[in-house]
Amino acid sequence: MRITIFGSGYVGLVTGACLADVGHQVMCVDIDAEKVARLNDGEVPIYEPGLEELISNNKAAGRIEFTTDAAKAVEFGLLQFIAVGTPSDEDGSADLKYVLKVAETIGQHMNDYKIVVDKSTVPVGTASKVERTVAAELEKRGINLEFDVCSNPEFLKEGAAIEDFSRGSRIVVGTDSERVKKAMIECYGPYNRQRDKMMFMGVRSAELTKYAANAMLATKISFINEVANLAERLGADVEEVRHGIGSDPRIGYSFIYPGCGYGGSCFPKDVKALAHTAEEIGHPAEMIKAVERVNARQKNKLFEKLCQAFDGQLAGKTIAVWGLAFKPNTDDMREAPSRALMEALWDAGARVQAFDPEATAECQRIYGERDDLVLTERRDDALEGAHALVICTEWKAFRTIDFNELREKLVEPVLVDGRNLFQPDTVKAAGLAYYGIGRGDSVRPVLA
Ligand SMILES: NC(=O)C1=CN([C@@H]2O[C@H](COP(=O)(O)OP(=O)(O)OC[C@H]3O[C@@H](n4cnc5c(N)ncnc54)[C@H](O)[C@@H]3O)[C@@H](O)[C@H]2O)C=CC1
Ligand SMILES: O=C(O)[C@H]1O[C@H](OP(=O)(O)OP(=O)(O)OC[C@H]2O[C@@H](n3ccc(=O)[nH]c3=O)[C@H](O)[C@@H]2O)[C@H](O)[C@@H](O)[C@@H]1O
């Protein structure tokens with residue numbers, strides 16, 4: 001099957017590579033000429049485990065290609081996937097300009113029947129807007145061609161994107177057209193061998209399913225962070241509470257890890273967009289708004305802990321930060337908790353020495369050269385001359401620390417564990433002050 005994918009970002013590239021890998025012919029098109037040139041040179045512009053190899057294998061097999069030529073790309077596929085960004089607008093709504101631009105492009109260049117598949121995360125009603133946009137372009141050209149628009153939201157997580165795409169729990173398709181259903185079954189058939197994962201539903205339901213899924217997951221995170229904040233003041237340890245509640249299968253262990261707030265390109269913007277939609281239709285979504293408020297507060301937690309450790313005296317201090325990406329196994333720093341921390345530290349006159357296994361270049365790109373930021377190539381180099389260590393991301397490489405060595409290296413023996421990777425007692429036994437998330441009075445710091 002011939003498939004065109006607009007947008008060669010996280011979703012577009014993973015979708016393209018995975019669909020090519022199961023034998024489809026895929027053409028990826030992007031407006032970013034530099035990105036396309038890099039892809040054509042065999043370079044993958046993002047860090048996603050397994051993606052580079054998957055793309056290079058399928059490129060060598062002649063099943064995936066990259067172009068900036070939109071006319072050629074529209075001509076190519078029966079399925080025209082839209083996988084472009086839908087960032088937050090100033091008012092919190094999803095900005096649809098990239099999605100509608102692609103719709104315009106398809107309308108301008110199509111010469112036969114096409115199925116426009118919206119994979120970007122978009123508010124309910126967007127499929128109708130896409131349909132109107134394509135139709136308007138056809139009308140401008142004075143031609144009448146058949147086309148369909150369906151919704152096919154994506155549920156992959158960065159860092160595990162290929163696995164999620166290939167072995168995800170469901171494939172949601174919003175359409176009422178039999179022709180579209182048939183084509184989508186052909187597209188995703190290879191993923192349905194073990195069981196039929198296709199879920200056909202109305203297009204508006206499919207659009208809302210995506211927001212409901214992300215909002216639910218974000219709610220779980222804000223909920224446990226709220227409990228962590230209570231635990232902190234009540235002398236309880238949220239890690240014990242997490243075990244206690246997660247063992248109930250109705251609650252489950254996933255997505256209840258307390259931390260320094262959710263980041264990334266999706267939860268923050270999608271929660272905002274859903275709240276905005278609710279506002280627009282005159283039904284303020286109280287829970288969703290609270291999820292966002294709790295998260296905003298949580299992102300300040302690490303800075304607050306440092307203020308607590310140093311009695312607010314952070315000017316002139318050097319803070320080691322481990323983990324810049326918003327989660328492990330990605331170099332993505334969009335809305336990363338590390339950014340909130342570093343920016344607050346800089347405002348307070350502190351310096352940052354940071355290490356991340358993959359996101360150093362991205363950090364450099366975002367913040368450029370500055371006197372108060374040093375990016376180190378090795379984990380422990382970030383500790384040289386630092387007053388305290390803060391862990392922002394739970395990369396595997398951070399899970400084993402020689403606490404005695406750490407105490408020797410730090411100017412002050414302070415460890416702020418933003419992901420609750422360690423047992424407070426173990427850390428304290430090595431003579432370090434330990435600040436975790438929601439770990440109660442039992443871990444009150446004992447500064448030398
Ligand atoms: N990143 C993720 O893990 C997930 C993202 N999503 C959703 O998928 C959508 C895409 O997200 P990402 O892949 O992260 O975005 P991204 O920002 O990584 O990539 C978007 C790409 O689209 C390109 N683009 C913009 N306008 C274009 C046009 N007119 N023609 C061709 N290419 C164009 C950009 O140059 C960029 O390369 C968003 O709606 C997002 O909410 C959904 C599930 C997971
Ligand atoms: O729409 C999207 O883009 C995607 O958003 C999330 O995926 P992603 O943002 O890549 O990463 P997650 O693993 O969900 O983590 C998001 C944030 O939540 C935080 N988190 C996650 C889980 C948890 O228990 N606690 C917690 O603080 C992570 O540290 C991270 O900052 C969803 O998990 C995907 O299903 C969805 O497709």
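Multiplying the residue separation of LYS396 and ARG132 by 0.36 nm and subtracting their alpha-carbon distance yields 90.3 nm.
Counted residue by residue at 0.36 nm each, then reduced by the alpha carbon distance between them, the extension gain from ASP112 to ARG193 reaches 26.0 nm. Output needed: percent of Cα pairs per 10 Å distance bin for region 62-138, bins running from 0 to the one holding the longest distance. In whole percents, the pair-distance histogram is 18, 51, 25, 6, 0. Remark on the chain: Rg and Dmax equal 23.9, 79 Å (Cα only). Around the amide H of MET199, modelled in the peptide plane, lie the amide H atoms of ILE171, VAL172, VAL173, all under 5 Å away and 5 or more residues distant in sequence or on another chain. Protein-only accessible surface at a 1.4 angstrom probe places the residues ILE31, ILE401, ILE251 in the order ILE31, ILE251, ILE401, largest first. Computed from the C-beta positions of MET1 and LYS101 and an R0 of 22 Å, the FRET efficiency is 0.30 to the nearest 0.05.
The string of couplings for region 327-339 from the Karplus curve (6.51, -1.76, 1.60, θ = phi - 60°) is 6, x, 6, 8, 9, 6, 10, 5, 6, 5, x, 4, 5 Hz, one whole number per residue in order, with x for Gly and Pro. A Gaussian network model of the chain, with springs between Cα atoms under 10 Å, assigns the largest mean-square fluctuation among LYS396, LYS129, LYS409 to LYS396. Per the Debye formula on identical point scatterers at the alpha carbon atoms of region 160-287, with no solvent, log10 I(q)/I(0) at q = 0.10, 0.15 Å⁻¹ is -0.47, -0.93.
Give, as a single signed number, the net charge of other residues whose beta carbon lies under 9 Å from the beta carbon of ALA275, with Lys and Arg counted +1 and Asp and Glu -1. For residues surrounding ALA275, the net value is 0. Once Rg and the Kirkwood radius are both taken over the C-alpha atoms of region 262-384, their ratio Rg/Rh works out to 1.05.
A simple rule links phi to the HN-Hα coupling: the Karplus curve 6.51 cos²θ - 1.76 cosθ + 1.60 with θ = phi - 60°, which for region 100-110 gives 6, 5, 5, 4, 4, 4, 4, x, 6, 10, 6 Hz, with x for Gly and Pro. Here region 403-444 is scanned for amide nitrogen atoms under 18 Å from the site 7 Å beyond the Cα of LEU234 along Cα-to-Cβ, giving 437-444. Here the relative contact order of the chain, from alpha carbon pairs under 8 Å that lie six or more residues apart, stands at 12 percent. Accessible surface of PHE66, taken over heavy atoms with a 1.4 Å probe and every protein chain present, rounds to 10 Å². With all protein chains kept in place, the per residue accessible area of region 1-116 amounts to 39 square angstrom at a probe of 1.4 angstrom. Debye-formula intensities of region 310-370, expressed as log10 I(q)/I(0) at q = 0.13, 0.25 Å⁻¹, are -0.33, -1.05 (one equal scatterer per alpha-carbon, no solvent). The residues of region 244-376 present an accessible area of 44 Å² per residue when probed at 1.4 Å with all protein chains retained. For region 177-248, the percent of C-alpha pairs falling in each 10 Å distance bin, counted from 0 to the bin holding the largest distance, reads 16, 27, 21, 19, 14, 4.
Using the Cα coordinates of region 69-218, the gyration tensor eigenvalues translate into equivalent-ellipsoid semi-axes of 25, 20, 14 Å, sorted from longest to shortest. Put a dot 7 Å past the Cα of ASP176, heading toward its Cβ, do the same for ALA213, and the two dots end up 2.3 nm apart. Distances between placed amide hydrogens fall under 5 Å for VAL149 paired with VAL116, all partners being 5 or more residues away or on another chain. Using the Stokes-Einstein relation with a Kirkwood hydrodynamic radius computed over Cα pairs, the translational diffusion coefficient of region 162-205 at 25 °C and a viscosity of 0.890 mPa s comes to 226 µm²/s. Counting only protein heavy atoms and using a 1.4 Å probe, the accessible area of TYR98 comes to about 100 Å². With the convex hull constructed from alpha-carbon coordinates only, region 1-142 shows a mean projected area of 8.9 nm² over all directions.
Summarising the amide proton neighbourhood of LEU375: residues at separation of 5 or more, or on other chains, whose placed amide H is nearer than 5 Å comprise ALA354. Among GLU178, GLU335, the sequence by solvent-accessible area, most first, with a 1.4 Å probe is GLU178, GLU335. The alpha carbons of region 295-448 occupy a box of 40, 32, 31 Å along the principal axes, longest dimension given first. Normalised by the number of residues in region 163-213, the average gap of Cα pairs under 8 Å and 6 or more apart makes the relative contact order 50 percent. With every protein chain in place and a 1.4 angstrom probe, the accessible-area ranking of HIS283, HIS243, largest first, reads HIS283, HIS243.
Electrostatic tally near ASP331: other residues with Cβ closer than 12 Å to its Cβ, Lys and Arg +1, Asp and Glu -1, net -3. Greater than 21 Å separation of Cα atoms is the criterion. Which listed pairs, LYS97/LYS220; LYS35/LYS396; LYS97/LYS119, meet it? Those over the limit are LYS97/LYS220; LYS35/LYS396. The HN-Hα couplings worked out from phi for region 401-417 by the Karplus form 6.51 cos²θ - 1.76 cosθ + 1.60 (θ = phi - 60°) are 10, 8, 5, 5, 4, 4, 4, 5, 6, 6, 5, 10, x, 10, 10, 9, 9 Hz, whole numbers, x standing for Gly and Pro. Cross-link candidates for LYS317: which lysines have Cα within less than 19 Å, leaving aside residues fewer than 8 places away along the same chain? Once the sequence-local lysines are set aside, what remains near LYS317 is LYS301, LYS305, LYS409. Of the solvent-accessible surface of region 232-299, computed with a 1.4 Å probe over protein heavy atoms with every protein chain present, carbon and sulfur atoms account for 61 percent. Among residues other than CYS260 with Cβ under 12 Å from its Cβ, the summed charge is +3 (Lys and Arg +1, Asp and Glu -1).
The values are calculated or read from the model by the stated rules, or taken from the named source; none is laboratory data. Just so it is clear, the structure is predicted and the values come from calculations on it, not from any experiment. All Cβ positions, even for glycine, are placed from backbone atoms using ideal geometry, and neighbour counts span all protein chains on display. The area values use the complete protein model at the heavy-atom level, side chains included, leaving out ligands, DNA and RNA. Shrake-Rupley method; radii C 1.70, N 1.55, O 1.52, S 1.80 Å.
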